[in-house]
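Beneath this line is the structure, given in structure tokens, with notes to follow.
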Amino acid sequence: MSKKKHWIWSLILLFSIATGCSGGNAPQSGSDGDKPSDTPPAQDAVTLDFWYGWTGPEAEALERLIAKWNSANPDIQVKGLSQSDYQKQLTAITGGNPPDIASQFGQNVVPWGLRGAMMPLDDYITKDGLDLKDFVPAALSTSQHEGKTYAIPTAMHVSMLFYNKDILQEAGYDGPPETISELKEYIKKLSIVEDGGRLQRLGLWPGMDAYTFSYAFNGSFYDEATQQVTPDHPGIQSAIKLSKEIWDQYSSDNLDRFSSGLGQYMSAQNPFFSGKYAMTIDGEWLPTFIKQYAPDLNYGIAPIPYDENNPEFKNSGNVTTSVFYIPKGVKNPEASWKFIKWMTEPEQMAEFTAALGNLPTRNSAFSNPLYEDVPGFKEFLDYSGSENLKSFPASSYANEYMTEFSAQYDAILRGTVSMEEGLDKVKAKIQPLVK
Amino acid sequence: MKVTTAANQRKRVSGWSRKERHYVFLGLAFASPWIIGFLAFTVYPFFGSLYLSLTEYDLFSPPKWVGLQNYKLIFADDRFYKSLGNTFFMAFISVPITLAVSLLIAMMLNFKVKGINYYRTIFYLPSVIPIVASALLWTWMLNPDFGLVNMALRTLGLTDPAWLLDPRYTKPSLILMSLWGSGAGALIFLAALQGVPRQYYEAAQVDGANWWYRFWKITVPALSPIILFQLIMGLIGAFQIFTESYILAGGKVDGSGSLGGPEQSLLFYAVNLYQEAFVFLKMGYASALAWILFIIVLLITFILLKTSGRWVYYGGD
């Protein structure tokens with residue numbers, strides 16, 4: 001063989017590799033077109049890729065809705081993909097090849113939106129006259145920042161107090177605790193501690209959701225007027241003091257030992273299902289799990305206990321959401337919006353959230369008869385109307401704030417830092433991020 | 001052996017014949033997938049991250065030049081020191097222990113007993129199990145109430161800690177886990193052990209050297225290059241420890257949970273870096289973290305290699 005031939009071969013090799021590497025940049029629609037689908041899309045039909053984080057039965061519920069959309073809209077075909085690795089969305093958007101529609105956790109909306117990864121939807125909302133007033137304010141606020149809306153919340157979560165009726169009755173209570181001081185008393189009475197401190201049963205796990213209880217004490221994490229983060233707000237301090245007081249009754253050692261012996265959350269061994277916790281603070285999905293894993297559990301759902309000195313903050317709660325958004329760089333945002341708008345219409349929203357046992361975010365969806373079959377929904381439905389539901393202030397640094405706060409909360413409960421010191425640390429770390 | 005061939009090549013580079021040049025090009029052509037991959041996926045990102053470490057970059061908008069600000073912030077960050085401390089603990093306590101144990105296993109597996117091949121397989125087996133699976137398995141083993149480890153400790157009348165939840169015990173838990181996987185290191189030691197000439201032992205025995213003396217004067221020096229290799233690889237691995245902590249400390253996808261376990265006792269360098277990059281979207285900051293890690297690992301490796309001359313013996317030197 002001549003030298004020339006060698007060179008040609010190496011060039012061919014080089015080129016095939018080079019083009020192979022850049023294959024990732026080729027438009028995805030090209031490869032989509034190759035696959036035969038059941039219903040041939042109409043001419044000039046657009047195909048939208050829709051990445052969502054749900055899996056299993058929850059994904060099936062979503063796929064049913066997608067199928068419904070596809071049969072009604074031959075010109076805009078949606079292809080769903082269960083993609084619970086949310087990091088992939090980041091890489092896809094930065095790589096310039098994003099899905100046309102995607103789901104996210106509410107707390108990521110503003111961090112992503114402000115950085116330009118999510119398209120602001122305000123123009124579409126005004127154009128289509130979408131009534132934002134129909135949305136639960138705390139839920140909507142997770143998607144908004146300084147007047148811009150970056151996503152539409154499709155489901156929301158809020159926590160309430162679950163209690164084991166049998167255990168409470170044994171202890172001589174005929175109803176759940178209503179105030180914070182009653183809560184403390186209940187916890188003491190319902191916990192069973194062996195000699196030597198080993199725990200048999202806890203009234204309520206003391207490392208409870210500090211956000212929910214902060215709102216019960218009228219706590220606030222951000223002061224709009226002075227543009228200061230306020231992890232040391234007196235309301236938050238009261239909530240931490242409450243947890244710490246309960247925690248110290250049992251000691252970290254015993255609590256660690258007890259909690260590491262507890263069963264998996266999504267199983268019949270869930271400590272609340274198995275009677276290891278007499279009460280628990282949990283979300284609206286729990287009744288659906290109870291029905292599945294512990295159908296015989298005799299339980300009740302009650303509002304979060306309120307501070308008797310601040311009765312006006314009764315029915316407090318911390319709202320988190322799941323949202324749909326349009327990533328930056330999509331080719332056909334108009335079509336993506338049409339689909340999102342349809343998905344978040346009261347009817348579709350009800351169908352989806354009822355299947356998941358989640359709460360809808362639109363007031364007009366609440367009355368849908370579909371929810372009648374959802375266990376425990378009525379209590380949560382009523383609770384959703386409470387004016388004292390709040391959500392963590394949406395900001396570009398919300399994730400850092402929550403991470404730092406929960407790290408310090410843990411350290412405060414364990415007594416490695418004092419409360420003042422811990423909260424000062426949060427403030428010192430987060431305040432510089434406020435722009 | 002390697003040394004001589006490399007030297008030979010170097011000598012002849014200047015005087016390539018036509019035919020030789022042919023084969024070099026052909027060889028390069030065949031190696032080109034790797035070369036291109038190396039340039040595109042290693043060299044380019046390497047210098048890319050150096051540039052990014054001097055910028056503020058959130059993935060979505062173009063990087064903004066900030067000079068050394070990221071580095072300044074890092075050195076003022078509690079989490080940096082916490083994660084560095086945790087990582088050093090794993091590197092300087094876990095790695096030597098694991099090395100010693102795998103050498104011990106290798107020596108046991110070097111005995112000529114019946115069915116030794118089965119023992120060798122059994123010790124190696126944990127190494128083929130993915131880290132995620134073994135981490136999940138160990139959450140069961142380390143369960144304070146009905147886990148195997150505490151059951152054994154209780155039988156012996158010892159304390160039975162809450163392994164994965166008590167900040168004092170979380171890192172020892174990981175060391176325990178890494179011991180379980182020390183079969184891979186043992187296998188390398190075993191291969192080296194079998195390369196130690198028997199005559200040395202026989203001669204020493206004739207001279208009346210006891211087992212301990214033979215171990216220190218023959219086995220360890222003979223294995224020292226392998227020990228150095230395993231030490232460096234182990235340290236590099238320890239500096240990048242991630243998965244175990246992510247699984248055991250309950251990593252949550254939504255970012256709200258605090259990675260790193262109770263009192264951040266499992267917040268390792270790589271875990272912190274991951275969180276800064278992919279949860280907080282601070283790519284510039286994370287790149288700076290990565291470069292600091294790179295320099296630390298480079299320094300440690302350099303020191304080890306420099307000082308190794310005193311204790312590593314290469315055959316024939």
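Observations on the structure shown:
- Residue-averaged beta-carbon neighbours from other chains (10 angstrom radius) around A:397-410: 4
- Loop trypsin sites (Lys or Arg not before Pro), region B:65-144, which have at most 14 other Cβ atoms in a 10 Å radius of their Cβ (DSSP): B:K112, B:K114
- Residue (of B:L68, B:V43, B:P130) at the positive-pole extreme of region B:34-137, dipole from beta-carbon charges: B:P130
- Out of every Cα-Cα pair that region A:35-189 contains, those further apart than 26 angstrom amount to 48 percent.
- For region A:269-385, the number of Lys pairs separated by eight or more positions or lying on different chains, with C-alpha atoms closer than 29 Å, is 10.
- Placing +1 on each Lys and Arg Cβ and -1 on each Asp and Glu Cβ, with no other charges, gives the protein assembly as shown a dipole about its Cα centre of roughly 5140 debye.
- Average beta-carbon neighbours from other chains, 10 Å sphere, peptide B:76-85: 1
- Between A:P346, A:P57, A:P271, the residue with the greatest mean-square fluctuation in the GNM of chain A (Cα pairs under 10 Å linked by springs) is A:P57.
- Measuring nothing but alpha carbons in region A:118-243 and taking Rh as the Kirkwood radius, the Rg to Rh ratio lands at 1.13.
- Only aspartates and glutamates eight or more places from A:K189 in sequence, or on another chain, were considered; those with a Cα closer than 16 Å are A:D166, A:E170, A:D174, A:E178, A:E245, A:D248.
- Think of the protein assembly as shown as a dipole: +1 on every Lys or Arg Cβ, -1 on every Asp or Glu Cβ, centred on the Cα centre; then among B:L174, B:L190, B:A288, B:L190 lies furthest on the positive end.
- Fraction of C-alpha pairs exceeding 17 angstrom in region B:23-86: 63 percent, rounded to a whole number.
- Dipole magnitude of region B:123-217 about its Cα centre (Cβ charges: Lys, Arg +1; Asp, Glu -1), debye to nearest 20: 160
- Mean residue ellipticity, 222 nm, helices only, the protein assembly as shown: the sum of -39500 (n - 2.57) across DSSP H runs of n ≥ 4, divided by residue count and rounded to 500, is -15500 deg cm²/dmol.
- Radius of gyration and Dmax over the Cα atoms of region B:72-172, both given in Å: 18.0, 61
- Set A:K241/A:K435; A:K79/A:K148; A:K425/B:K82 screened for pairs whose C-alpha atoms are more than 20 Å apart: A:K241/A:K435; A:K79/A:K148
- Antiparallel bridge percentage (DSSP; both residues within chain A; nearest 5): 70
- Shape index of chain A: Rg/Rh, with Rg the Cα radius of gyration and Rh the Kirkwood radius from the inverse mean 1/r over Cα pairs, equals 1.05.
- Based on the convex hull around the alpha carbon atoms, region B:148-231 presents an average projected area of 8.1 nm².
- Cross-link reach is defined here as a Cα-Cα straight distance under 23 Å, omitting same-chain residues fewer than 8 places apart; for B:K19 the lysines meeting it are A:K3, A:K4, A:K5, B:K11.
- The chymotrypsin sites (Phe, Trp or Tyr not before Pro) found in region B:68-119 that occupy coil by DSSP, while having at most 11 further C-beta atoms within 10 Å, are B:F75, B:F111.
- Packing-based ranking, highest mean first, of B:158-170, A:99-111, B:44-56 given that Cβ atoms within 10 Å are counted: A:99-111, B:158-170, B:44-56
- Other protein chain Cβ atoms within 10 Å, averaged over every residue that makes up A:256-263: 6
- Average projection, convex hull of the Cα set of region A:335-431: 9.3 square nanometres.
- Among A:P327, A:P234, A:P305, residue whose mean-square fluctuation peaks in a GNM of chain A (springs only between Cα atoms under 10 Å): A:P234
- Dipole of the protein assembly as shown [Lys/Arg +1, Asp/Glu -1 at C-beta], most positive-end residue of B:L142, B:P262, A:I340: B:L142
- Computed Kirkwood radius, in angstrom, where 1/r is averaged over Cα pairs of region A:159-214: 12.3
- Cα-based radius of gyration of region B:1-153 once divided by 2.2 N^0.38 Å, which approximates compact folds: 1.73
- Convex hull of Cα atoms in the protein assembly as shown, direction-averaged projection (nm²): 43.3
- DSSP loop GluC sites (Glu not before Pro) with at most 13 other Cβ within 10 Å: longest gap in chain A: A:1-145
- Pairs of alpha carbons in chain B whose separation is greater than 31 Å (percent): 50
Just so you know, all these numbers are worked out from the coordinates, no wet-lab data involved. The model shown is predicted, which means the values in this text are computed figures rather than measured ones. Note that we place each Cβ from the backbone using ideal geometry, even for glycine, and neighbour counts take in every protein chain shown.
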